[in-house]
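Peer 1: Below you'll find the structure I mean.
The values are calculated or read from the model by the stated rules, or taken from the named source; none is laboratory data. This one's a predicted model, so the numbers in the text were calculated from it and none came from an experiment. Here the Cβ positions follow ideal geometry from the backbone for every residue, glycine too, while neighbour counts run over all protein chains shown.
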Amino acid sequence: MAEKKIPDVLLNTGHKMPVIGMGTSVENRPSNDTLASIFVDAIEAGYRHFDSAAVYGTEEAIGLAVKKAIEKGLIKNRNEIFITSKPWNTDAHHDLIVPALKSSLKKLGTEYVDLYLIHWPVRLRHDLENPVEFSKEDILPFDIEGTWKAMEECYKLGLAKSIGICNYGIKKLTKLLQIATIPPAVHQVEMNPSWQQGKLREFCKEKGIHVSAWSALGAYNIFWGSGAVMENPILKDIAAAKGKNVAQVALRWTYQQGSSAMVKSFNKERMKQNIDIFDFELSEEDLEKIKHVPQRRQYTGEMWLSQQGSYNTLEELWDGDV
Ligand SMILES: NC(=O)c1ccc[n+]([C@@H]2O[C@H](COP(=O)([O-])OP(=O)(O)OC[C@H]3O[C@@H](n4cnc5c(N)ncnc54)[C@H](OP(=O)(O)O)[C@@H]3O)[C@@H](O)[C@H]2O)c1
């Protein structure tokens, strides 16, 4: 079967980004060789965008997959693949972001990432033995300005073609825009029919920031996710009427909102299904029905609350949008 071309969105940096990205955050991560072969399958299916992060541990496998895909003649060179990465919160210190990106580039085996995103508006102590095992005392106040200036440096050095953020509420984003000389190109947030992010999307649209959806299927079958998207009866009915599945309806919904979707499937059939969404359209009536899907964040973010950090409450973490 000929691969399907995934459309691009034009970012405010003038760079194009494919609107579906392969999510690479995974529990019980397979070996790099296994992962690389899954990612080559994804490239073969038509994926041209990989969403990674230092903390996912998938950068080396993405680098390997790009090399293998070139060897197999699936792509001509690395420039055909859009690679996103993110520094972990232990590197969210103004002097550690550039070194963190250089370390990611080494693992990816490339000279630049297409997009570098602040993973969380959260700073952890740098010297943690295990960066994902931390106590409340390890959470430090977040430095919005210093962190963003370091991201701008990544852009100016040519190490990141575009820069952006994840998981900022409107208040934090407003503050960032006041100090930024380079505005974020992308804001990656939890977004799907069961957490639609209407207000934040409106705000970002006004500011020319592209909103990208993470957990585009509501983190289905993932320990902190649920069936809020995949088992929703409204979406099931629309899918049945369109001759598509619920995942395709959810991804199409994201696309019709003008957003891109980061979706993870390491299953060859499902990864194909998830990009087969450009041959049908949700009607105004369908979109109206989807507005009635019950709204709830899957990822609540309690783990980022602490007295010596920046957020005591979820209201503070999410700028009131809870
Ligand atoms: N910036 C951030 O803070 C942040 C946070 C979370 C996630 N992310 C990014 O967003 C990506 C996607 O989010 P996610 O991995 O949390 O969840 P997700 O993409 O919403 O859901 C993934 C789950 O859905 C299953 N699945 C995928 N396609 C399916 C289909 N067509 N039918 C049935 N099941 C399907 C997958 O299983 P199979 O693999 O078995 O198909 C997997 O269990 C992540 O991998 C990561 O890259 C970013």
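Peer 1: Scan the stretch 139-146 and tell me whether some residue there is farther than 21 Å from ALA100 by Cα, at pLDDT 95 or above and away from the ligand (no atom under 12 Å from the Cβ). Before the answer, list the steps.
Peer 2: Of the stretch 139-146, the ones farther than 21 Å from ALA100 by Cα are none.
Among the residues of the stretch 139-146, not one is farther than 21 Å from ALA100 by Cα, at pLDDT 95 or above and away from the ligand (no atom under 12 Å from the Cβ), which makes the answer no.
Peer 1: Ok, one more. Mind listing just one residue for me: the one in the stretch 197-213 that is of a type in the set (A, V, I, L, M, F, W, C) and more than 11 Å from the ligand (Cβ to nearest atom) and, of those, nearest to the chain's Cα centre (by Cα)?
Peer 2: Narrowing the stretch 197-213 to residues of a type in the set (A, V, I, L, M, F, W, C): 200, 203-204, 209, 211, 213.
With the extra rule that they be more than 11 Å from the ligand (Cβ to nearest atom), the set shrinks to 200, 203-204, 209, 211.
Values: LEU200: 16, PHE203: 19, CYS204: 16, ILE209: 14, VAL211: 10 Å.
Per the criteria, the residue is VAL211.
Peer 1: Can you name every one of the helices (runs of 4 or more DSSP H) wholly within the stretch 217-298 that holds 3 or more residues which are surrounded by fewer than 21 Cβ atoms within 10 Å (Cβ to Cβ)?
Peer 2: Values: elements: 233-242, 246-256, 268-273, 284-290.
Hits in the stretch 217-298: 233-242, 268-273, 284-290.
Peer 1: As an exercise: evaluate GLY227 against (1) free of Cβ contacts under 8 Å to residues at least 12 places away in the same chain; (2) more than 30 Å from GLU316 (Cα to Cα) and give the number of the one condition it does not meet.
Peer 2: The single condition GLY227 does not satisfy is (2).
Peer 1: Just name the residue that is nearest to the chain's Cα centre (by Cα) out of those in the stretch 150-187 that are closer than 26 Å to LEU314 by Cα and of a type in the set (S, T, N, Q).
Peer 2: ASN167
Peer 1: Among ALA247, ALA160, ALA239, ALA150, which is the only one that is small (Gly, Ala, Ser) and either near the ligand (Cβ under 8 Å from one of its atoms) or touching a Gly at 6+ places or on another chain (Cβ under 9 Å) (or both)? If you could, list the steps in order and put the result at the bottom.
Peer 2: Details: ALA160 fails: either near the ligand (Cβ under 8 Å from one of its atoms) or touching a Gly at 6+ places or on another chain (Cβ under 9 Å) (or both); ALA239 fails: either near the ligand (Cβ under 8 Å from one of its atoms) or touching a Gly at 6+ places or on another chain (Cβ under 9 Å) (or both); ALA150 fails: either near the ligand (Cβ under 8 Å from one of its atoms) or touching a Gly at 6+ places or on another chain (Cβ under 9 Å) (or both).
Just a single option satisfies the conditions, and that option is ALA247.
Peer 1: Note down all Cβ pairs under 6 Å where the first residue falls in the stretch 114-127 and is within 13 Å of LEU317 (Cα to Cα) and more than 14 Å from the ligand (Cβ to nearest atom), the second is in a loop (DSSP other than H, G, I, E, B) and at pLDDT 95 or above, and they're at least six residues apart or on different chains.
Peer 2: If the second residue must be in a loop (DSSP other than H, G, I, E, B) and at pLDDT 95 or above, the pairs left are ARG123/ALA92; ARG123/PHE142.
Peer 1: Please go through the stretch 214-233 and pick out each residue that is aliphatic (A, V, I, L, M), near the ligand (Cβ under 8 Å from one of its atoms) and in contact with a Ser or Thr (Cβ under 7 Å, 6 or more places away or on another chain). Step through it out loud before you land on a result.
Peer 2: Filtering the stretch 214-233 for residues aliphatic (A, V, I, L, M) gives 216-217, 219, 222, 228-230.
From what is left, the residues that are near the ligand (Cβ under 8 Å from one of its atoms) are 216-217, 219, 222, 229-230.
Passing the criteria: ALA216, VAL229.
Peer 1: Looking at (1) over 24 Å from LEU105 (Cβ atoms); (2) more than 14 Å from the ligand (Cβ to nearest atom), which one does SER194 not meet, given that it meets all the others?
Peer 2: (2)
Peer 1: Checking the condition assigned to a helix (DSSP H, G or I), under 16 Å from THR110 (Cα atoms), modelled with pLDDT of 95 or more and of a type outside the set (Phe, Trp, Tyr), which residue from GLU60, GLU44 passes? Talk me through it step by step, then tell me what you get.
Peer 2: Values: GLU44 fails: under 16 Å from THR110 (Cα atoms).
Exactly one of GLU60, GLU44 is assigned to a helix (DSSP H, G or I), under 16 Å from THR110 (Cα atoms), modelled with pLDDT of 95 or more and of a type outside the set (Phe, Trp, Tyr), namely GLU60.
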